[in-house]
1. List residues of the stretch 25-40, by number, whose backbone nitrogen lies under 17 Å from a label position 7 Å along Cα→C-beta of His136.
2. Just the Cα atoms of the chain: what Rg and Dmax do they give in Å?
3. GNM, the chain, Cα, under 10 Å: largest mean-square fluctuation among Ile160, Ile243, Ile257?
4. May I ask for the angle, rounded to the nearest 10°, between helix 35-44 and the longest principal axis of the chain, with both axes built from Cα atoms and the value confined to 0 to 90°?
5. For the chain, what does the helix formula give at 222 nm: sum of -39500 (n - 2.57) over DSSP H segments with n ≥ 4, over the residue count, nearest 500 deg cm²/dmol?
6. Calculate the length of the line joining the C-alpha centroid of the stretch 1-76 to that of the stretch 93-123, in whole Å.
7. In degrees, nearest 10, range 0 to 90: what is the angle between the Cα axis of helix 284-298 and the longest Cα principal axis of the chain?
8. Which entries in Lys140/Lys276; Lys170/Lys246; Lys7/Lys163 show an alpha-carbon gap greater than 25 Å?
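Just so it is clear, none of the values below were taken in a lab; they were calculated from the coordinates. Since this is a predicted model, take the numbers as computed values, not measurements. Using ideal geometry, Cβ is built from the backbone for each residue, glycine included, and neighbour counts are taken over all protein chains shown.
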Amino acid sequence: MSFKVIKSSFLSTVQDYGRLNHGEHGMSQSGVMDEHAYCWANHLLNNYFNDAVIEITFGGLVLEAQTDTFIVVTGANLGFKINNEAAQMWHGLQIYKGDVLSWGSHKSGVRAYLAVKGGFDTSILFDSRSVNLREHIGAKLAEGDTLFCKGFDEATYRFIPPKYIPNYNKDIVLRILPTYQFNEFSINQRDLFFNQDYTITNANDRTGCRLSGAPITIKKERMISEGISYGCVEIATDGLPIILLKDAPTIGGYPKIGTVFSLDLAKLAQRQPNTKLRFELIDMYQAQKQRKKFNQFFEISF
C-alpha cells in the first residue's frame, strides 16, 4: 500500500511529532510545524497521535494513490484537489487506487498536512520518522519516490467542528512564558517588547523566525552559549527577536526574554512574511492547564 510522487514541490517532507529525546546529543526536536493541524489530521482518522504525515510547504506536490485508503488534509489551503477537482479539507475522505492528489494554488497559510489511515510507514531514525534537512536526516520528497502506508480496516468520515478551523490570514498574538533572563531586560525595554507590533521577515523557515520592529536594548551583548529550546525568543545583537522553531540547534548565545507557549507556535507556522504579531505574557498555571486539556483530547503521551 503506497503513494507515488508524480511531481515534487518546493518542500514536502515526512514529519511526525518529533525527535524529543536526543537534545543531549545536539539533535533538533524536528517534527511538524503546525501541531494543531497535525493532531486534528490524525484524530479524524483515529490514528495514533504520533503517526507520520506529509508536511507540504506552499504546495506544488502531486501524488498518485497506489491503493484504496482514507486520508485527511488539514492546515493551509493550498488548492487541494483529487483528480483535478477541488476536495474537502479537515474531513475524512476515501480515495481509490489511481486517484491523483495535488496541491497547487496557494490561498491561505503556509503548510498543509496529508494524513493517511494508519500513518506513513517510513524509516525511523533516532526514534522518529521526521525529516530534518539541516541535520541531513532524511530527504524531501522527490519525483519517483514511493511512500508506503499501513492501509485501513474501517471507514473514517469524521470532520472537524468549524469553530476549530483557524483563519490563517489574521495577525496573531503569541503568549510567552518569561525565562530566567527576563529580568535582565529593563522595565522600559520589556514595555517596548510587549507594546509594539513586530513584522515577520523573509528570514522565516523551519529553523526560526526573525522579526522586524523597534529594537530593544540588551545588557549582555555577549554570553556563553547555553541550551535553548523550541519556542525560545532570543534577542539578537541588533535588538530584534528570533523565535526558535522545530529545526533550531540545541545551543545558542543570545539572551532570551521568554518562550512562546507551545500551542501558539502552530499559529506562527502558518504565517507569511509581513504578517504582524504581538507578544503578551501567559501565566504558567494557565499554560499548563491548556496544554493538559489539549494533550488529553488528542491522547498525546510520551
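1. Residues 26-28 fall inside that zone.
2. Cα-based Rg and Dmax for the chain come out at 19.7, 62 Å.
3. Judging by the Gaussian network model, the answer is Ile160.
4. It works out to around 30 degrees.
5. Theoretical 222 nm ellipticity from helices: -3500 deg cm²/dmol.
6. Here the two parts' Cα centres lie 8 Å apart.
7. 10 degrees
8. Details: Lys140/Lys276 30 Å; Lys170/Lys246 22 Å; Lys7/Lys163 34 Å.
Check vs 25 Å cut-off fails for Lys140/Lys276; Lys7/Lys163.
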